[in-house]
Amino acid sequence: MAAPGPVIPVTSGLVPDAVALTARAQPDALAVEDGERRVTYRELIGSADALAARLRAGGAGPDTRVAVRMGRSAEQVIAALAVLRAGAAYVPVDPALPAARQRDLLADSGALTVLEGQDVPVVPGGASAGMPADPAALAYLIFTSGSTGRPKAVGVHHAALANLVSWHVRAFRLSPADRFCPCAGVGFDASVMELWPHLVAGACLVIPGESVRRDPEELRAFIEERGVTGAFVPTAMTEPLLGGSWSDGSALRLVHTGGEALRARPRPGLPYTLANHYGPAETTVIATSCAVAPGDGEPTIGRPIDNVEALVMDPYGEPVANGRAGELYVGGTGVGRGYVTDPRLTAERFVPAPGGERRYRTGDLVRRRPDGDYDYCGRVDDQVQIRGQRVEPGEVEAVLCGHPGIAAARVVAVTDASGELWLSAFYLSDEPRPELRGWLAERLPAAFVPADLVRCERLPLTANGKVDRAVLRDWAGDLERGAGAAPSTPHEVGLAAIWQEVLGFPVGVDQPFDAVGGNSLQAVRVVRRIKDRLGVRLPLREFFPSITIAELARRTS
């Protein structure tokens, strides 16, 4: 059944023009706080327009692309706005990604040029005329995992972005009084939602440091000290944040989350509203949303946002009744342009709809409840969410098979007793490949590197001659991981017990945390248990780059 959100006009205009209007209305208001730096709206639009003029002189314009290779910073905000003011589409590239991954993204984006921090001027003010944006032109490109071994470049046009921004400003009553803390990685589509609604509304972006956005305790302190009123926190960080205490004077009123299925609800008495968002990058960040109330049961993914429709379909493309699971198709204004380098896949996933529109086949299984909310029920394919990132096991397999010493490889996702997902890889090779983890880390984001890398003499086959992934999952569940050195002191014994509780298997004191599959959420759990049991407050950054139990014992003894 179709369940469209209320159809209302987009009142904010297209984003680059709307931000300029805001800057003219409140030129001296703060737009960005980045550490000790303060950037006013006058400086934001003046700096962006100065850079936009340079970009236009270099050939930037409608449907051209400009890469922005910067971490979270005032310069990154200015650069992204400058690209839009030049009439082009911005392509966020995280400089923390492996160099090979960055090269692939830049090549596939077709970027006219690459902006880095030193390319961004900061000028006192004075906006010039930006190039008028075309609603149908590209506003940004974002990359998602692809089964072919290369990421997919999703193109989103200005009309879709404007719809998201208009809904967001209205739904959350954003105003110049808001101070928003962005915590998503710059290359994730959630960063789009963090930037533009708040700049259109005249709010201030309060940028946390890298260590702060990775640590729930540091993030909580930062939010309270800086008077933050809203924040986006990835699901993996939200759940530990929900259990903490907040001061009576906290200004926080909104916490947005998304990226993975939310399992926890807020406890009664928290000072803020928790908003749970669902949406593939192909549907402009958010397709459905809801406020999560305290209580029992898993939260839903809410209802469609303004001018977006959600339909639950069977394998033959026919609607299914309420209460039954089916594949979610998303239609309406939020549907993006498609995969800019893959017309075949675009035609497969972006299907025709009545009236000449298109719908995006999400590959997600959902169920519509009698009250109109949607339950998330899983995937129709092998795609999984690892630490908030969409991961196609086929992409990891393709990269593995690019290693000169590997004849074949298969990757499966496995769920441990605590509900955590991890990847296990099985490969055929004439000899063990101890260098393989580092080789993968140079080519893939950290979340894509499998926790297990297992050399096999053969891959199990089904009766039809295909690789039997069910058997591989059984093998993954039976793996013995704790082959390292045994603890030699009582302190190491205590730390090893904490690691085993969190990871679900014994770990040697000489085995690095990330080498045994440890991730940032599990590091948060280890840190909290060390504090509770040993009385030692350990910054989360101690785990990155990776640490061993032996080294951790020396630092905390």
Which residues, taken from the range 260-279, are modelled with pLDDT of 90 or more and under 20 Å from the mean Cα position of the chain (by Cα)? Leu274, Ala275, Asn276, His277, Tyr278, Gly279
Quickly run through the range 350-383 and pick out the residues that are in contact with a helix residue (DSSP H, G or I) (Cβ under 6 Å, 6 or more places away or on another chain) and surrounded by fewer than 18 Cβ atoms within 10 Å (Cβ to Cβ). Asp382
Within the range 519-537, does at least one residue satisfy the condition of being under 23 Å from the mean Cα position of the chain (by Cα) and outside any helix (DSSP H, G or I)? yes
Looking only at the range 261-303, which residues are part of a loop (DSSP other than H, G, I, E, B), closer than 17 Å to Glu239 by Cβ, of a type outside the set (A, V, I, L, M) and in contact with a Lys or Arg (Cβ under 9 Å, 6 or more places away or on another chain)? Tyr272, Pro294, Gly295, Asp296, Gly297, Glu298, Pro299, Thr300
In the range 1-47, which residue that is crowded, with 18+ Cβ neighbours inside 10 Å, in a loop (DSSP other than H, G, I, E, B) and touching a strand residue (DSSP E or B) at 6+ places or on another chain (Cβ under 7 Å) is modelled with the highest pLDDT? Pro27
Here is a check on your reading of the model: is Glu210 in contact with a Gly (Cβ under 8 Å, 6 or more places away or on another chain), farther than 27 Å from Tyr140 by Cβ, surrounded by fewer than 23 Cβ atoms within 10 Å (Cβ to Cβ) and modelled with pLDDT under 90? no
When you scan the range 280-288, do you find a residue that is touching a helix residue (DSSP H, G or I) at 6+ places or on another chain (Cβ under 7 Å) and either among the hydroxyl-bearing types (Ser, Thr, Tyr) or at pLDDT below 95 (or both), even just one? yes
Among Gly331, Gly317, which is surrounded by fewer than 21 Cβ atoms within 10 Å (Cβ to Cβ), in the same structural domain as Arg65 (by TED's automatic domain parsing) and farther than 30 Å from Arg473 by Cα? Gly317
From Thr283, Thr273, which residue is of a type in the set (Ser, Thr, Tyr) and free of Cβ contacts under 8 Å to residues at least 24 places away in the same chain? Thr273
Filter the range 511-531 for residues that are farther than 21 Å from Pro234 by Cα and touching a residue at least 40 places away in the same chain (Cβ under 8 Å); the one that is surrounded by the fewest Cβ atoms within 10 Å (Cβ to Cβ) is Ala515
For residues that are assigned to a loop (DSSP other than H, G, I, E, B) and either free of Cβ contacts under 8 Å to residues at least 24 places away in the same chain or of a type in the set (D, E, K, R) (or both), tally how many sit in the range 321-335. 1
By residue number, the members of the range 81-116 that are in a helix (DSSP H, G or I), loosely packed, with under 15 Cβ neighbours inside 10 Å and in contact (Cβ under 8 Å) with a residue 12 or more places away in the chain are Ala99, Ala100
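The values are calculated or read from the model by the stated rules, or taken from the named source; none is laboratory data. Computed from a predicted model, the values in this text were never measured in an experiment. Every residue, glycine among them, receives a Cβ derived from its backbone with ideal geometry; neighbour counts consider all protein chains shown.
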